[in-house]
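*Asks:* There's a structure below that I have some questions on.
The values are calculated or read from the model by the stated rules, or taken from the named source; none is laboratory data. A quick note: this is a predicted structure, and the numbers were derived from the prediction, not measured. All Cβ positions, even for glycine, are placed from backbone atoms using ideal geometry, and neighbour counts span all protein chains on display.
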Amino acid sequence: MEIIDEQLEKAKQKNRKLAVVFIDLDRFKLVNDSIGHYAGDEILKQVVQRIQHVLPAGAYLGRFHGDKFCLLLTERTDSEGVFKTAAHISKEVMKPIVYENKEFFITISIGISFYPNDGVDKHSLLKSADIALNRAKQSGGNRIQFYSAKMNEETLYRLEMERYLRKALENQEFFLCYQPIIDIHKGVIVGNEALIRWRHPKLGLVRPNEFISLAEETGLIHEIGRWVLVTACKQTKKWQQLWNQQHFVSVNVSARQFQHEGFIDDVKQALEQSQLSPNCLHLELTENSMLRNLHYSIQVMKELQQLGVGIAIDDFGSGYASFSYLKNLPVNILKIDRSFVEKMHTNSSDIAIVKAIITMGHGLGLKTVAEGVETVEQLELLKMLHCHHAQGYALYRPVTAEELSTYMTVSHK
């Protein structure tokens, strides 16, 4: 209790979260009744050793009474981190315990509360953790329960998603769709944007905004990103040979992926494996991913340009767009954010912004691509403003490689 007081004071000063975890052995009375309290205490000691064996840094464990323990966590106190710690403890305790040549199987119920969300003093935090523990027991035991039901659902969902995501690559659940990019003035396809999709056998089609951030957090983005690069480059090379045209492919690169030290090697490997010419690969980066470590980003972008790879700023104008940094960035393409394009024919200020971006692009010798073109009016306005390229539902929807192959084969006849 003294330690909780000390740590609460520190957490208040440093504006940090704490987690209070109650651990209770399920139906331990049966063990005591069948083999006696002395033997029960010996089994309790083994349980404690197991818990201590898997405790993370910054954890404090105390025995409250009987077979009930309290754990205070001061590090990695986000809901997922705490859940993983609790799950690790539960898994360790569940391994069979041998006492006097007999095997005992122990399960535990766990209740979790957080400072400051579920209480600001030790009594309210312990009470919240106890309520959560009782909920876990009422549900049949061998459960982990947060005090907040909503947090419980969200964390379980994210952990389930993470488990599915780890298996998605090996189960070949990912596939790419391609959205053609046209030359506005010639009206012909000049390239395609590769867009990742995930079809899970249980969840169905999972949207990228539901799994990309999770892939970044878990580090799985590097493996997924490598697969996207190789697949998109190989498919583009196949199309080039089939139709005898130098179409390019645009591939989105996440911030975490771009900042990884092995990223340039991943690009080189994709080009080598596919035999695609580097100038037919365009990498799309958001302003946010480039500004995260500007000096390092510029170095990487220069290396990529030396390889011959094109660099595009995706969703330009939606982030921290600044002329001062733009002129120093080694980029080739500006992709105008769809939020400006969609209101062009109804909002004069959006026309002015799009016109300014296109004019600036011309001045800096950059190609401009309008995203999210959904009407013929928008396309005509973009043509009038001398935008180079466009993509959107008014032109082509994203389709699978097979569907695009069929369409292109027919159009080439």
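*Asks:* Given the conditions (1) in a helix (DSSP H, G or I); (2) surrounded by fewer than 20 Cβ atoms within 10 Å (Cβ to Cβ); (3) touching a Lys or Arg at 6+ places or on another chain (Cβ under 9 Å), which single one is not true for A215?
*Replies:* Every listed condition holds for A215 apart from (2).
*Asks:* Just to check your reading of the model, which residue among D26, D33, D78 is over 23 Å from D130 (Cβ atoms), modelled with pLDDT under 95 and surrounded by fewer than 20 Cβ atoms within 10 Å (Cβ to Cβ)?
*Replies:* Numbers: D26 fails: over 23 Å from D130 (Cβ atoms); D78 fails: over 23 Å from D130 (Cβ atoms).
That would be D33, the only listed residue that is over 23 Å from D130 (Cβ atoms), modelled with pLDDT under 95 and surrounded by fewer than 20 Cβ atoms within 10 Å (Cβ to Cβ).
*Asks:* So, one more: Does segment 138-160 hold any residues that are at negative phi and modelled with pLDDT of 90 or more, and which are they?
*Replies:* Kept after step one, since they are at negative phi, are these residues of segment 138-160: 138-139, 143-160.
Across segment 138-160, the qualifying residues are R143, I144, Q145, F146, Y147.
*Asks:* Right, another one. Would you pick out the residues in segment 230-280 that are closer than 16 Å to I196 by Cβ and assigned to a strand (DSSP E or B)? Show your work before the answer.
*Replies:* Of the residues in segment 230-280, the ones closer than 16 Å to I196 by Cβ are 230-236, 249-258, 266, 270.
Of everything in segment 230-280, those that are closer than 16 Å to I196 by Cβ and assigned to a strand (DSSP E or B) turn out to be V249, S250, V251, N252.
*Asks:* Quick one: A86 ticks every box in (1) surrounded by fewer than 19 Cβ atoms within 10 Å (Cβ to Cβ); (2) within 23 Å of F28 (Cβ to Cβ); (3) of a type outside the set (S, T, N, Q) except a single one, so which number is it?
*Replies:* All conditions are met except number (1).
*Asks:* Within segment 70-173, which strands (runs of 3 or more DSSP E) (wholly inside it) include 3 or more residues that are among the hydrophobic types (A, V, I, L, M, F, W, C)? If you could, list the steps in order and put the result at the bottom.
*Replies:* Details: elements: 97-99, 102-104, 108-115, 144-146.
Those strands (runs of 3 or more DSSP E) span 108-115.
*Asks:* Take segment 279-300 and flag every residue that is crowded, with 16+ Cβ neighbours inside 10 Å and closer than 25 Å to Q245 by Cα.
*Replies:* Correct list: C280, L281, H282, L283, E284.
*Asks:* Also: Determine which member of the set D67, D130 is in contact with a helix residue (DSSP H, G or I) (Cβ under 8 Å, 6 or more places away or on another chain) and assigned by TED's automatic domain parsing to the domain that holds I43. First the steps, then the outcome.
*Replies:* Working: D130 fails: in contact with a helix residue (DSSP H, G or I) (Cβ under 8 Å, 6 or more places away or on another chain).
None of the other options fit; the residue is D67.
*Asks:* With the requirement that a residue be of a type in the set (D, E, K, R) and more than 10 Å from A255 (Cα to Cα), what does segment 273-296 give you?
*Replies:* E284
*Asks:* Report whether or not I221 is touching a Ser or Thr at 6+ places or on another chain (Cβ under 8 Å), of a type in the set (A, V, I, L, M) and either surrounded by 15 or more Cβ atoms within 10 Å (Cβ to Cβ) or within 30 Å of V410 (Cβ to Cβ) (or both). Give the steps one after another, and end with the answer.
*Replies:* Details: touching a Ser or Thr at 6+ places or on another chain (Cβ under 8 Å): yes; of a type in the set (A, V, I, L, M): yes; either surrounded by 15 or more Cβ atoms within 10 Å (Cβ to Cβ) or within 30 Å of V410 (Cβ to Cβ) (or both): yes.
Yes: the conditions hold for I221.
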